[in-house]
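Taking it in order: structure first as structure tokens, then the write-up.
Values in this text are rule-based calculations from the coordinates and carry no lab data. In this text, all values refer to a predicted model and were calculated from it rather than measured experimentally. A quick note on method: Cβ atoms are made from the backbone with ideal geometry, for glycine too, and the neighbour counts reach across all protein chains shown.
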Amino acid sequence: MKKQFQDPLSKIREIVLSKIPEDVTVTRINFEGSKLAIYVKKPEVLLIDKSYIISDIVENMKRRIVVRSDPSVRASKEEVKAVISQVIPEEANVENLVFDDVLGEVIIEAKKTGLAIGKDGALLQEILRKTKWIPRVLRTPSTPSKIIANIRHVLYSDTKERERALREDGERIFRPLVFPVDEVLLVPLGGFREVGRSAILVKTKESSILVDCGINPGASKPNQVFPYLDFDGLDLDTLDAVVVTHSHLDHCGAIPLLYKYGYRGPVYCSEPALSLMVLAQLDYLDVAMKEGVIPPYTQRDVREMILHTVTLRYGYVVDIAPDIKLTLWNAGHILGSSIAHIHIGEGHYNVVITGDFKYGKTMLLDPSSINFPRIEALVMESTYGGEEDVMPPRSEVEISLISTVNETIEKGGKVLIPTPAIGRGQEIMIVLDSYMRKNLLKEVPVYIDGMLNEATAIHTAYPEYLSQELRDLILREDVNVFQSERFTSVSNPNQRLEIAESEPSIILAPSGMMEGGPVLEYFRLMAEDPKNSLIFVSYQIEGTLGRRIKNGLREVPLMFKDGKVDVIKVGMDVKSIEGFSGHSDRRQLLSYVKRLSPRPKMVIICHGEAQKTQNLSSAVSHVFKLPAIAPRNLESIRLR
Ligand SMILES: [Zn+2]
């Protein structure tokens, strides 16, 4: 028994000290999340001159390592600033330097990151040699983003707390394994046989992790808003990790609630997912306040979540519990959306959880990943899993949008598109811009309103997560598709009246289902004029105003800020164009199961209306002769 309580670091220390030359001077070794941090007085030896030493230790211990410099050898901040301005060329557009005193990193925020890094990292090496600070380059969004600035501020102003959180995470991740890895349980806590409040608990005897924790924005009963967080097997004190597949509220809206109730472990997601998630959560709080509803958590809980979030690149394998490894892969749904590959034990069991995913190309993103090292169970969404959910080909969908817009403009009307701020909004912007560039769409101003602006600014910070074509345009040809001169951002609400009354134009405004946001103001101003058009481009949930107008409602009572209720007569043309969705349609879902490599041994269907989940599950078992089920919430499944 005694062995179990041995300090897990003592063995590691022994190996590290035996491999690192004495004159490099190791001063400290500790866990930093899933990595091992080694503090030394000569970091340049391990990072540049003799980097094989670290590779050798990694190979030996199967642990990721990060080299840090001992505080005593770091140059003063003034010296570092001088060195950086001398080493990095002006064209790199360095906009800000942030010093992380705890980890000894200097964060260089630049517009042109490639120029700041130099060929093969040459410039960063020079900075490291001269200052003993570890330089790290971050891209400044080409459109300023308040959210990204905010997150960076939280992460770099409270580095002591963050370092402590990472150290504790590491100690938990590398605790000695007490129980054998012979059982894997999957517990649906929300989002099964329904859309909304997604949450899946994966448990072994040793550990437990939660994948997604969303809210159901369309819930009609208060007890259906959140997942079953009171489930007996979910203990926030011992929960090892939370994984976020993407930043729509039905997947991440309840994460700050976990911190409110005392969870202090890590959240794993991609870097853009963190930014968009914070945007969505803060907007959720803002909307609640405006409606006079007491929100379930506060900005403080969101801040706590940011401090504990670890962002991962696609394809990067990370230990998140003693017996669980996680890898995120592109899901093709929205910027930074991920499919989670969960590897349990040493090759013991592998679960792939798709989250929302698009197995098809969009202008914004590449199709979802389909190859994994191993898969036993596939957990798949089914938003469009019904037999009738077959969308027209993408080219037809675009032509239908473009011709509707052209017709409206020819009549001298204006086009109003209720636009979801995260995902579809940017897709539609790029479609409009590209058709105007090809002269297939009449050149008129495109107005971008509300939260859509901030979400778009966040897109400009992460070009490497966009589709191949957009990446090439942005990184190679320096064309910023989101900053086309055709787009006008509406920053002042007073402009709306003028826009609605002036020349023909296209207006993109949230919310996508007309449940609030600037779209309602435009709608009030534009609805009566038969020359105008209202075009829906996204899924309208049952019960929302968007759905009712789409279904034929032509007298719309709307309440405005002053409490006055106006009945708006809809004279404008109402159209709905299906097929811009970020979800896979029925055919894409089935072909995903077919082409998935390797072939899973079982399929679990979730995230769809009850009938669609059952229908898709029988189709999968019938067509592919694979065991497939569509469990209800709380119906645990023993995977092994
Ligand atoms: Zn989604």
- line: Packing-ranked peptide list from 386-396, 187-197, 431-441, highest mean Cβ count within 10 angstrom first, is 187-197, 431-441, 386-396
task: Taking the Cα centre of segment 74-140 as origin, sum charge times position over the Cβ atoms of Lys and Arg (+1) and Asp and Glu (-1), and report the length of that vector in debye to the nearest 20.
output: 140
message: Sorted from largest to smallest, which semi-axis lengths in Å does the alpha carbon gyration tensor of segment 365-418 give for its equivalent ellipsoid, taking the root of 5 times each eigenvalue?
response: 38, 13, 10
- request: Using only Cα atoms, tell me the angle between helix 586-595 and the longest principal axis of the chain; keep it within 0 to 90° and round to the nearest 10.
  value: 30
- prompt: Could the peptides 199-212, 535-548, 50-63 be put in order, highest first, of the mean number of other beta-carbon atoms found within 10 Å of their residues?
  reply: 199-212, 535-548, 50-63
task: Of the DSSP beta bridges with both residues in the chain, give the percent that are antiparallel, rounding to the nearest 5.
output: 45
- prompt: Normalised by the residues of segment 394-576, what does the relative contact order come to in percent, with Cα pairs under 8 Å and at least six apart?
  reply: 29
- prompt: By how many nm would the segment from Lys62 to Ile629 lengthen if fully extended, with 0.36 nm per residue of separation less the alpha-carbon distance?
  reply: 200.5 nm
query: Alpha carbon centre of segment 399-470 versus segment 522-589: separation in Å?
result: 18
query: Contour minus end-to-end for Ala288 and Tyr261, with contour as 0.36 nm per residue of separation and end-to-end as the Cα-Cα distance?
result: 7.7 nm
- prompt: Going by alpha carbons, how many degrees (0 to 90, nearest 10) lie between the helix axis of 610-624 and the longest principal axis of the chain?
  reply: 70
Cα centroid of segment 10-56 to Cα centroid of segment 63-133, whole Å: 20
- request: Kindly provide log₁₀ I(q)/I(0) values, in the same order as q = 0.18, 0.20, 0.29 Å⁻¹, from the Debye equation applied to equal alpha-carbon scatterers of segment 2-71.
  value: -0.64, -0.78, -1.58
- line: The size of the Cβ-based charge dipole (Lys, Arg +1; Asp, Glu -1) of segment 394-576 about the Cα centre, to the nearest 20 debye, is 480
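What percent do you get for the relative contact order of segment 276-425 when only Cα pairs under 8 Å and 6+ apart count?
Numbers: 172 pairs, mean separation 20.8, N = 150.
About 14 percent, as a whole number.
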Extended-chain gain in nm, criterion 0.36 nm per residue less alpha-carbon gap, Lys438 and Glu477: 12.3 nm
query: So for the chain, taking the charge dipole from beta-carbon charges (+1 Lys/Arg, -1 Asp/Glu), which of Gly347, Ala527, Leu186 sits furthest toward the positive end?
result: Gly347
field: Percentage relative contact order, the chain, counting C-alpha pairs under 8 Å, at least six apart
entry: 13
task: Rounded to whole Å and sorted largest first, list the principal axis extents of the Cα atoms in segment 74-140.
output: 26, 20, 18
Dipole of the chain [Lys/Arg +1, Asp/Glu -1 at C-beta], most positive-end residue of Ile134, Phe624, Val567: Phe624
- line: Amide H proximity to Ser489 below 5 Å, modelled H, separation 5+ or other chain, gives Ile448
Average projected area [Cα convex hull, segment 417-506], square nanometres: 6.0
- line: Expressed in angstrom, Rg and Dmax over the Cα atoms of segment 394-576 are 16.2, 52
- line: What helix-only [θ] at 222 nm does the chain give? Using -39500 (n - 2.57) per DSSP H run of at least 4, over all residues, to the nearest 500, the answer is -9500 deg cm²/dmol
Over segment 508-554: Kirkwood hydrodynamic radius from C-alpha pairwise inverse distances, Å: 11.0
Positive-end residue, segment 142-243 charge dipole about Cα centroid, Cβ charges, pick of Val211, Val242, His153: His153
task: Using every pair of alpha-carbon atoms in the chain, split the distances into 20 Å bins beginning at 0 and state the percent of pairs per bin, rounded to integers.
output: 18, 50, 28, 4, 0
message: Using only the alpha-carbon atoms, how far is helix 77-87 inclined from the longest principal axis of the chain? Give it as 0 to 90 degrees, nearest 10.
response: 70
statement: Residues whose modelled amide H sits under 5 Å from the amide H of Thr309, counting only those 5 or more places away in sequence or on another chain, are Val267
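Using unit Cβ charges (K, R positive; D, E negative) and no other charged atoms, how large, in debye to the nearest 20, is the dipole of the chain about its Cα centre?
That gives the chain a dipole magnitude of about 1260 debye.
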query: So which of Lys119/Lys146; Lys35/Lys132; Lys221/Lys612; Lys119/Lys361; Lys361/Lys625; Lys358/Lys625 end up more than 26 Å apart, counting from Cα to Cα?
result: Lys119/Lys146; Lys119/Lys361; Lys361/Lys625
- line: Under 5 Å from the placed amide H of Arg64, counting only residues 5+ away or on other chains, we find Leu36
field: Calculated FRET efficiency for the pair Glu79/Thr238, C-beta based, R₀ 45 Å, to 0.05
entry: 0.45
